[in-house]
Amino acid sequence: MADRELVERAKRGDQEAFEQLVLDNQNRVYALALRLVDDREEAADLAQEAFVKAWQGLVSFQGESSFSTWIYRLTTNLCIDYLRKQKRREGVEPAVSLDDEDSGWLEPADWEGDPQRLLERAERGRALAQGLEQLSEWQRQILVLRELSGLSYQEIGQTLDIDLGTVRSRIARARMALRKILLEDGNFFGYVPSNQTKDQDRG
Amino acid sequence: MACGRYHELLSARLDGLLTAEEERRLEEHLALCPDCRAVGSRLAAIRTAFDDLEEVPAPEGFAQGVMDRIRRETAPRAIPLFRRPQVRALAGLAACLVLAVGLYSAGGHGGQERWEMAARSFDQGASTEVLDGVTGEDGPRVDASLIDPTPADAPQIAAYAASGAARTDGAGGTMEKAAPVEERYFAGVGVSGAEAALVLDRLPDGAAELIPPETAAQPYPGGGTVYLGLSADVLDQVGRLAAEQGAVLQDLSAGNGAEEPLALIVLEG
């Protein structure tokens, strides 16, 4: 059943329809939470909470974005709140709250047919996941906020309480670190399509 | 070649954030530097791969867990929500809190049961609110449309609201999700004869002097201390200190028309 229809039914109180939405999105939502807070139990808790909030807020969900986008944003917000609370306990004041605008959001990929391509993409996806795990916590968090949660530099700056210049340089450093890890891994860049440049990249 | 600064430009370019001048400088450099060209294409490949980032399977029972929580929330019952075996419960509160600590610390005789029974007799009323100790924080974290339009109808774990949303007790401000793993948000812990409470995560500086020496203090289950029989004045002053120092976890004393005697609960850790 199409996403849109599930949402419509869930809005009218159909819990089974909502449960299907949960099942459809749970892995990606959980993965997002896990990559942000780095704690399985907490991630599960936050991810579930996000869905509960989505249920509670369904009545006003207009559908300008997809349900997936929306639940992703809810999850991000909850995770950020959690991370701030963690920081607060260590004595660091939380940053200004996030702007709620949807911005720069990367829609999750639609699977486009060709099995060979799908396989390559899946392999790269797995290599990327492993590479992310090897990053330091701040590197992973900032990349996840940018690439998965789709936050703008400004929103990231507000979240982490750093200025734009710092956001920019940290994201660059995180990307370079990830690139280095993936180069060493060997599985990732082996799949770079041949129409891309074959220049030497000496790291 | 020292290409570090160009790496940053390449990264910013992925996000479309180069100025015209930076773009120009980068292009000039790329024309001469195959290394950087390769870095650029590899960064782009990483960006693309995020679309295919491997999912992590949600733990077993995840969806079931979500639906259970939803059902608990939408069913109008007086039974509070026990999120942990250690009995950290949240329930909708009216002005009136029912006694629990007194029973619990009566010790031994089916303390757990009595706790549950006492908790069950809570009135349903306004949602439990958790006020952020940092006042003046503004800006919505989540769309204001996520506020449940009828908060009084059902127990809620925590309403998520934008700042400035009018609350029935007149307290505005950002609200937070309550009761993550080790936080001790709770509701409905009352003390024999006391109504309403102020819950803090520590005793603020200067508060100890405000509490009269003869004040009865009891241990709070889960770690902490309950001060009983405080006057509204004292509670108010302590509350103000706590707010200044960001120690407030829950303020159920304000605007409820609560009558003395009142309780102050200071949690541990």
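The values are calculated or read from the model by the stated rules, or taken from the named source; none is laboratory data. Quick caveat, the model's predicted, so the values are computed rather than measured. Positions of Cβ are generated from backbone atoms using ideal geometry, with glycine treated the same way; all protein chains shown enter the neighbour counts.
Identify the single condition in (1) at pLDDT 90 or above; (2) more than 7 Å from chain B (Cβ to nearest Cβ) that A:Leu23 does not satisfy, given that it satisfies every other one.
Failing condition for A:Leu23: (2).
So A:Asp100 fits all but one of (1) among the acidic types (Asp, Glu); (2) modelled with pLDDT under 90; (3) loosely packed, with under 15 Cβ neighbours inside 10 Å; what number is the exception?
All conditions are met except number (3).
Residues checked against (1) at positive phi; (2) in a loop (DSSP other than H, G, I, E, B); (3) within 9 Å of chain A (Cβ to nearest Cβ); (4) among the aromatic types (Phe, Trp, Tyr):
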position	(1), (2), (3), (4)
B:His7	no, no, yes, no
B:Arg24	no, no, no, no
B:Glu28	no, no, no, no
B:Ala44	no, no, yes, no
B:Phe50	no, no, yes, yes
B:Val56	no, yes, yes, no
B:Val66	no, no, yes, no
B:Glu73	no, no, yes, no
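What tally of residues in region A:3-14 results from selecting those that are surrounded by 15 or more Cβ atoms within 10 Å (Cβ to Cβ) and under 17 Å from A:Lys53 (Cβ atoms)?
Residues flagged as surrounded by 15 or more Cβ atoms within 10 Å (Cβ to Cβ) and under 17 Å from A:Lys53 (Cβ atoms) within region A:3-14 amount to 3.
With A:Glu112, A:Glu90, A:Glu41 as the choices, which residue is within 26 Å of B:Pro57 (Cβ to Cβ), charged (D, E, K, R) and at pLDDT below 90?
The match here is A:Glu112.
Filter region A:69-93 down to the residues that are hydroxyl-bearing (Ser, Thr, Tyr) and more than 9 Å from chain B (Cβ to nearest Cβ), then identify the one that is surrounded by the most Cβ atoms within 10 Å (Cβ to Cβ).
In this case the residue turns out to be A:Thr75.
A:Ala172 - would you say it is more than 8 Å from chain B (Cβ to nearest Cβ), touching a helix residue (DSSP H, G or I) at 6+ places or on another chain (Cβ under 7 Å) and at pLDDT 90 or above?
Criteria not met by A:Ala172.
Condition first: free of Cβ contacts under 8 Å to residues at least 12 places away in the same chain, out of contact with any Leu (no Cβ under 6 Å at 6 or more places or on another chain) and facing another protein chain (nearest Cβ under 10 Å). Now tell me which residues in region B:31-42 satisfy that.
B:Pro34, B:Ala38, B:Ser41, B:Arg42
Considering only region A:148-169, I want to know if a residue exists there that is crowded, with 19+ Cβ neighbours inside 10 Å, outside any helix (DSSP H, G or I) and out of contact with any Lys or Arg (no Cβ under 9 Å at 6 or more places or on another chain).
Yes, that holds for at least one residue.
What number of residues within region A:51-68 are part of a helix (DSSP H, G or I) and more than 9 Å from chain B (Cβ to nearest Cβ)?
Within region A:51-68, residues that are part of a helix (DSSP H, G or I) and more than 9 Å from chain B (Cβ to nearest Cβ) number 3.
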